[in-house]
Amino acid sequence: MGFWALNLDTVIMSLLLGVVLMFVFRRVAKKITPGVPVGAQNFCEWAVEFVDSSVRGSFSAKNNMIAPLALTIFFWVFSMNLMDLLPIDYVPLLMHQLGVPYFKVVPSTDPNATFGLAIGVFLLVLFYSFKMKGVGGFVGELTLQPFGKWGMPINLLLEGVNLIAKPISLALRLFGNMYAGEMIFILIALMGGAWAGVTLGGATLYGSQILLSLGWAIFHILIVTLQAFIFMTLTVVYLDMAHQEHH
């Protein structure tokens, strides 16, 4: 392992899920029909309207790229998170049979994936900050807010920390929540692994594992969706801030 090491399982799963999403949406778009939508078309239209209304509520500037970007982020992160609902050992066991000793099926439990997404958002924030405000405007925002020209060192420190905190908070929030959820699934699975023999204690562990797995999986559906929505919303908010000029 080193700085240039690549987690191939994360890369493969992320790209695979992205391709699946593009295939589904493209197929629906090619077969779209007027009138009352049904099936996949109904779901895709609902998804587009949901994201569009969320963007309208969080983004006040004019940029036709923001809504498609938000749609892509939401469903890509959601699909990566959704892999956490698969039984934790099914895919790794299958890959082990194929000669792969280790395989992580949930990309968002890998900080490399979440930081990659967050850094991509951060680069867009910097790009639009320079584009909309110019070099002078962006530098002035970092050095003259909030204490004016006499507080430049403090302004730069405060605004610099605020700027750098955006991608870090994006990445760690998604990673932390999904990793914690995966750890709970593993702990619940260990309860079943501790079952040995037909005893009262073993039967209790086995029954508890089934109930806890079901309950946590149902609750985790909310976490999976909420984390994707938060990542999307914060991305839109950060880009909105990049489009605004402070005086």
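Every number in this text was worked out from the coordinates using simple rules, so none of it is lab data. Note that this is a predicted model, so its numbers are computed, not measured. All Cβ positions, even for glycine, are placed from backbone atoms using ideal geometry, and neighbour counts span all protein chains on display.
Using the number of other C-beta atoms within 10 angstrom as an exposure proxy, rank S213, S60 with the fewest first. Walk me through the intermediate numbers first.
Numbers: S213 18, S60 9.
Neighbour counts put them in this order, fewest first: S60, S213.
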| query | Where the eigenvalues come from the Cα gyration tensor of the chain, what are the semi-axes √(5λ) of the equivalent ellipsoid, largest first, in whole Å? | reply | 40, 25, 17
| request: Sticking with the crude label model, points 7 Å out along Cα→Cβ, report the distance from R26 to N42 in nm, one decimal please. | output: 2.7
| message | Could you derive backbone 3J(HN,Hα) for segment 40-45 from the dihedral phi with the Karplus parameters 6.51, -1.76 and 1.60 (θ = phi - 60°), listing whole Hz in sequence and x where the residue is Gly or Pro? | response | 5, 5, 4, 5, 5, 5
| request: Apply the Karplus parameterisation 6.51 cos²θ - 1.76 cosθ + 1.60, with θ equal to phi minus 60°, to every residue of segment 111-119 and state each ³J(HN,Hα) to the nearest whole Hz, in sequence, with x for glycine and proline. | output: x, 4, 6, 5, 5, x, 4, 5, 5
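Would segment 1-145 count as rounded, prolate or oblate if I go by the C-alpha gyration tensor, calling it rounded below 1.5 in a/c and otherwise prolate when a/b exceeds b/c, oblate otherwise?
Values: a/c = 2.97, a/b = 1.20, b/c = 2.46.
Oblate, since a/c reaches 1.5 and b/c is not below a/b.
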| Can you run phi through the Karplus equation (6.51, -1.76, 1.60; θ = phi - 60°) for segment 90-103 and list ³J(HN,Hα) in whole Hz, with x for Gly and Pro? | 5, 5, x, 5, 4, 5, 5, 5, 8, x, 9, x, 9, 8
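Of E245, E141, how do they rank once you tally other Cβ atoms within 10 Å and put the fewest first?
Working: E245 12, E141 19.
Ordered from fewest to most neighbouring Cβ atoms within 10 Å, E245, E141 come out as E245, E141.
Neighbour counts of other C-beta atoms within 10 Å: give me S208, S53 arranged from fewest to most.
Fewest to most other Cβ atoms nearby, the residues stand as S53, S208.
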| Hey, rough spin-label estimate for F147 and K131, points 7 angstrom out along Cα→Cβ, what's it come to in nanometres? | 3.4
